[in-house]
Structure formats: structure tokens, C-alpha cells
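Chemist: Structure incoming, see below.
Nothing in this text is a laboratory measurement; each read-out follows from the coordinates by a stated rule. Computed from a predicted model, the values in this text were never measured in an experiment. A quick note on method: Cβ atoms are made from the backbone with ideal geometry, for glycine too, and the neighbour counts reach across all protein chains shown.
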Amino acid sequence: MSFFRRSPKLPAALSPALEAEERILAWAYVGEPGERVLVATNRGLWLPEGGRLGWHEIHKVAWSGRELLITPAETARERDGYTVQIDAPVVGFLLLEPGELPDQVRTRVTRSVAYTSHHPLPPSGGVRVVGRRVSGVDGLTWAVRYDARTAVDADPIVEVTDQLVDSAREANTPPG
């Protein structure tokens, strides 16, 4: 008698083209079992339509018990040493037999966040500075997300944001 339940193996025909160091952690059929799957690896989440979202590219995850909702991050602007991100459209996946997939997705997205801090900005609004781990890359990747009321392109806001990111980067860089 075994107390350990093994997850079913992903059919080879549905396996994404993994990188050399990439391994499958969990997977689930989208909708009825068939040809569409979501696959979680140590590098990211492979989507049924093809392509992979790195864990650092996923802003939010919600699990209803049947539907996994993913909010990808989209780069709105590139700045010196960091990106300005916004929410991309939410994508939902019906998982009738989710197995460990929702837990793996939430865990991996959460683990990718190494640093996060919110700062109010005058006259109204604010900015969240985020340092994320990217699988296979040394160091942190930096991004900011502005509150809705923030004048993101105003020179004083950009200057303060640059300083906040520089301070966060400096505080999170090992001495060496």
C-alpha cells in the first residue's frame, strides 16, 4: 500500500518544447481532458495556445476552485535599469482536474518576488517598486507599478522613481 499518490504523466504529444534546464512541476487539462493543457515548469507557465509566461511576468493569480485567473504584467515603458509595468488582460482557464497546478503557480509567482515596497508620491498616487527573481538569471529584475492617480511621465515623478529603484537595488545587492 502506498501513501504517496503520483500525478499522471503529461502525454508526450502535449509536452511543450522545454529548455535544457527546464523541468515540469505540474500540469492540468484546460476544460475537458483532451488536447489543451497548462504546464507549470521551474521557468514559468506554458499556455495552451503556446508560449510561456515566466513567473516574473505574472502579476496576479487567483484560484476559484475551478478557474485559474492569470493577470500577466505588460511593459508600458523601459527606463534606465527598470521597467514600468501595467496589467495585461486577465486570462482564465477552467481546470476540472487541477491537481497541484494552482498551488504550484501561486507558489512560483510568490517566490519570484524578492523585494516589494509601496511609496506615496505627491500630489496624489504612489508607486510600488518590485525586484523579482528570473529563473536562470543572476540578480533581480526591477519594475515599478504606479497607482491609478499618478502622473507617471511627469519629470519629478520619474526622478523620484529613479531614486527609489536605485535605493532598493543598492539595498538588495550583496556586498562584493
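Chemist: Under 5 Å between amide hydrogens, which residues at least 5 positions from residue 37 or on another chain qualify, with H placed 1.01 Å from N in the peptide plane?
Modeler: 30
Chemist: Just need the relative contact order of segment 1-104 here, percent rounded to a whole number, with Cα pairs under 8 Å and 6+ apart.
Modeler: On the way: 168 pairs, mean separation 24.8, N = 104.
Relative contact order of segment 1-104: 24 percent.
Chemist: For the chain, what is the calculated [θ] at 222 nm in deg cm²/dmol (nearest 500), taking -39500 (n - 2.57) for each run of four or more DSSP H residues and dividing by its residue count?
Modeler: Calculated mean residue ellipticity at 222 nm is -5500 deg cm²/dmol.
Chemist: Which residue fluctuates the most in the chain, going by a Gaussian network model with Cα springs under 10 Å, if the choices are 88, 73, 154?
Modeler: Sorting by GNM fluctuation, first place goes to 154.
Chemist: How much length would be gained if the chain were fully extended between residue 9 and residue 128, taking 0.36 nm per residue of separation minus their Cα-Cα distance, in nm to one decimal?
Modeler: Values: separation 119, 0.36 × 119 = 42.84 nm, distance 3.97 nm.
Gain in length upon complete extension: 38.9 nm.
Chemist: Among 77-83, 157-163, how do they line up from the highest to the lowest mean number of other beta-carbon atoms within 10 Å? Walk me through the intermediate numbers first.
Modeler: Numbers: 77-83: 13.3, 157-163: 14.9.
Most protected by this proxy first, the peptides run 157-163, 77-83.
Chemist: Under a 10 Å cutoff between Cα atoms, tell me which one of 67, 22, 49 has the largest fluctuation in the Gaussian network model of the chain.
Modeler: Checking each option, the largest mean-square fluctuation is seen for 49.
Chemist: Could you give the dipole magnitude of the chain about its Cα centre, charging the beta-carbon of Lys and Arg +1 and that of Asp and Glu -1, in debye to the nearest 20? Don't skip to the end; give the middle numbers.
Modeler: Details: 20 positive and 23 negative charges, 148 e Å.
About 700 debye.
Chemist: So for the chain, taking the charge dipole from beta-carbon charges (+1 Lys/Arg, -1 Asp/Glu), which of 53, 102, 17 sits furthest toward the positive end?
Modeler: The one lying farthest along the dipole's positive direction is 102.
Chemist: So, one more: Please give the length that would be gained between residue 103 and residue 79 if that part of the chain were fully extended, namely 0.36 nm times their separation in residues minus their C-alpha to C-alpha distance (nm, one decimal). Please list the in-between numbers first.
Modeler: Details: separation 24, 0.36 × 24 = 8.64 nm, distance 3.33 nm.
Using 0.36 nm per residue and subtracting the Cα-Cα distance, I get 5.3 nm.
Chemist: Helix 101-112 against the longest principal axis of the chain: what's the angle in degrees, Cα atoms only, rounded to the nearest 10?
Modeler: The answer is roughly 30 degrees.
Chemist: What are the ³J(HN,Hα) values, in whole Hz, obtained from phi via the Karplus relation 6.51 cos²θ - 1.76 cosθ + 1.60 with θ = phi - 60°, for each residue of segment 63-68 in sequence order, with x given for Gly and Pro?
Modeler: These are the phi-based 3J(HN,Hα) values: 10, 8, x, 9, 10, 9 Hz.
Chemist: Another question about this same structure. Most fluctuating residue of 135, 112, 124 in a GNM of the chain with Cα springs under 10 Å: which is it?
Modeler: 124
Chemist: Using only the C-alpha atoms of segment 80-176, find the volume of their convex hull and express it per residue in Å³.
Modeler: Working: hull volume 12.7 nm³, N = 97.
That works out to 131 Å³ per residue.
Chemist: I've got another one for you. Out of residues 5 or more away from residue 42 or on other chains, whose amide H comes under 5 Å of its own, with H placed 1.01 Å from N in the peptide plane?
Modeler: 23, 25
Chemist: If I stretch the segment between residue 114 and residue 23 completely, what's the gain in nm (0.36 nm per residue apart, minus their alpha carbon distance), one decimal? Could you put the intermediate results ahead of the total?
Modeler: Values: separation 91, 0.36 × 91 = 32.76 nm, distance 2.22 nm.
Between residue 114 and residue 23, full extension yields 30.5 nm more.
Chemist: Residues of segment 95-118 with the amide nitrogen closer than 20 Å to a label point 7 Å from the Cα of residue 36, along Cα-to-Cβ, please.
Modeler: 95-103, 105, by backbone N distance to the label point.
Chemist: Additional query: Cα atoms only, segment 102-151: Rg and Dmax in Å?
Modeler: 13.5, 40
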